[in-house]
Amino acid sequence: MKVAERALPEGRYGTKKAPRPWLRWSLLGVALLVGLAVTFIGYRNLGTKPIESKQTSFVIVDDGSVKVTFEVSRDTPERPAVCIIRARSKDGDEAGRREVLVPPGNSIVRETTLLHTSKPPVTGEVFGCSYQVPAYLSTT
């Protein structure tokens with residue numbers, strides 16, 4: 001008798017059980033639900049944003065101010081928006097910040113604002129925009 005043909009001793013290694021079909025389908029269902037959840041969250045966080053902004057230019061006026069021009073594109077132009085504009089100093093610190101009201105209008109709007117700073121600015125940028133306009137900026 002060859003070594004490969006020998007039978008294993010009974011009870012030594014336990015018995016081999018067939019996988020349960022319901023367990024396999026349950027695990028597949030859980031994996032599918034997790035995949036759908038990850039896809040949904042990824043789409044919500046990485047998909048198209050309802051409001052987007054970009055800085056088009058900045059001009060350093062003097063050691064205490066910078067003029068920033070930016071463009072805002074919105075999916076609902078009839079709603080007002082607020083954009084946060086900030087300036088940075090040479091050491092990277094935020095030297096100034098301002099909230100700018102973008103009134104209802106076209107879907108793409110270009111705005112310019114003057115931002116006063118606490119340190120000499122080296123750049124001006126758009127930090128972000130939102131439809132959640134604070135009451136003190138509202139025109140109504």
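Based only on other Cβ atoms within 10 Å, what is the fewest-to-most ordering of Tyr136, Tyr43?
Values: Tyr136 7, Tyr43 10.
Arranged by neighbour count, lowest to highest, Tyr136, Tyr43 become Tyr136, Tyr43.
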>> Once you place label points 7 Å from the Cα toward the Cβ at Tyr136 and Ser57, how far apart are they in nm?
In response: 3.2
> If you place +1 on the Cβ of every Lys and Arg, -1 on the Cβ of every Asp and Glu, and leave all else neutral, what size is the dipole of region 73-140 about its Cα centre, to the nearest 20 Debye?
Replying inline: 120
> Working out 0.36 nm times the residue gap between Thr39 and Leu27, then minus their Cα-Cα distance, what length gain in nm do you get to one decimal?
Replying inline: 2.5 nm
>> Take Asp91 and Val122, extend 7 Å from each Cα along the Cα→Cβ direction, and tell me the distance between the two endpoints in nm.
In response: 1.2
> Whose amide H sits under 5 Å from the amide H of Ala81, counting only residues 5 or more places off or on another chain, with H placed in the peptide plane?
Replying inline: Val102
> DSSP loop GluC sites (Glu not before Pro) in region 42-140 with at most 10 other Cβ atoms within 10 Å of their Cβ, which ones?
Replying inline: Glu78
> Near Lys67, which aspartates and glutamates are there with a Cα under 16 Å away, not counting those fewer than 8 places off in the same chain?
Replying inline: Glu94, Glu99, Glu111, Glu125
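Coordinate-derived values only; no laboratory data. Remember, it's a predicted structure, so these values are computed and weren't measured experimentally. For neighbour counting, all protein chains shown are included, and Cβ atoms are generated from backbone atoms with ideal geometry for every residue, glycine included.
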